[in-house]
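One structure is given below, encoded as structure tokens.
The values are calculated or read from the model by the stated rules, or taken from the named source; none is laboratory data. Model, not experiment: these values are computed from the prediction. No Cβ is skipped: glycine too gets one built from the backbone with ideal geometry, and neighbour counts run over all protein chains shown. Ligands, DNA and RNA are excluded from the accessible area calculation, which covers all protein heavy atoms including side chains. Shrake-Rupley method; radii C 1.70, N 1.55, O 1.52, S 1.80 Å.
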Amino acid sequence: MRHILLTTDFSENSIHAINYALELFTYAECEFHVLHVVKSSTFISDDLMQSKPTESLYSELISDAKVKLEALIETFKNRHNNLLHTFEPVVDYDNLIGSINQTVTLHDIDLIIMGTKGATNLEKIIFGSNTLRVFQRCQISVLAIPANCPIKQIKNVLFTTKYHSAYKLKDLNILIDLAEHYDYKLDILHITEAKTIDSKQHVVQQELQGFFRNINHQFVLKSEITYLRTVLDYIRENDIELFAMMRKQHSFLEHLLLNHKTEQIAYNMQIPFLMLAFKDS
């Protein structure tokens, strides 16, 4: 059984992401932990500013959110009617990252799935700030679902690599399981200014060849300078429906966060984005 963490703030994009997750894992036995974090701003009032919240007041403040979350879960149960799926509501009063990391530890979570609003204009980066913080500060794999991403069967998947570090099978388990189970076609893309890969990179490529042996896959080399633009063009030109990468092998997030002047992004990521996490043990 997979233990999957779903986050919701009751917005349309978070509900869309949950529906996407339930469809994606239709044929897998899963326990979904549905997390809602009550924002501290919800509690700010004249009364609270004058007194220290008690345990009973805390319970009262989150009770409405718990009722709302349980009602939302019932709608998912009724809509999908899947006997393989169970749900556990989780309501917390904390910062988002703290709540997620605590839930991951307590329930041995395998994967986080969350919605993202995406870019709204050229001044914005591809992902919302919450999604980026989860990518950076949570130590397990994260699947981000854009609000405008249609719920449909995935066929073509892109995985990017620098071939700099050896992989472990457990680092790639989520991607491999999905690809094998749903018969994805997997493109392994390496972007470099060089025309070829060196001997050390070739060793890493051969390791990936072994890991992906039961998957329809191909290795692709693009001799380009600009990583982000090349990835986005490849996604568009090859009908890619899921983009996956390993967190510690790329400076992709740094491109998104720091490189606005040279990378004015006129694209909106319209496909699911799987950030795979290296596991140290």
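Taking θ = phi - 60°, what integer Hz values does the Karplus form 6.51 cos²θ - 1.76 cosθ + 1.60 yield along segment 65-76, in sequence order, with x for Gly and Pro?
Per-residue couplings from phi come out as 5, 5, 4, 5, 5, 5, 5, 5, 4, 4, 5, 5 Hz.
³J(HN,Hα) across segment 7-16 via Karplus (A = 6.51, B = -1.76, C = 1.60, θ = phi - 60°), whole Hz, x for Gly/Pro?
9, 8, 10, 6, 7, 4, 6, 6, 5, 4
Any idea of GLU31's accessible area? Nearest 10 Å², probe 1.4 Å.
Number for this one is 40 Å².
If you take every residue apart from ALA17 with its C-beta less than 12 Å away from the C-beta of ALA17, what net charge results, scoring Lys and Arg +1 and Asp and Glu -1?
-2
Based on alpha-carbon centroids, what's the gap between segment 5-25 and segment 153-176 in Å, whole number please?
23
Excluding ligands and nucleic acids, what accessible area in Å² is computed for ARG247 using a 1.4 Å probe, to the nearest 10?
40
Taking a threshold of 32 Å on the Cα-Cα distance, which of the pairs LYS39/LYS77; LYS68/LYS185; LYS66/LYS117; LYS117/LYS170; LYS68/LYS117; LYS77/LYS162 fall above it? The partial results should precede the final answer.
Details: LYS39/LYS77 26 Å; LYS68/LYS185 40 Å; LYS66/LYS117 24 Å; LYS117/LYS170 30 Å; LYS68/LYS117 22 Å; LYS77/LYS162 41 Å.
Beyond 32 Å: LYS68/LYS185; LYS77/LYS162.
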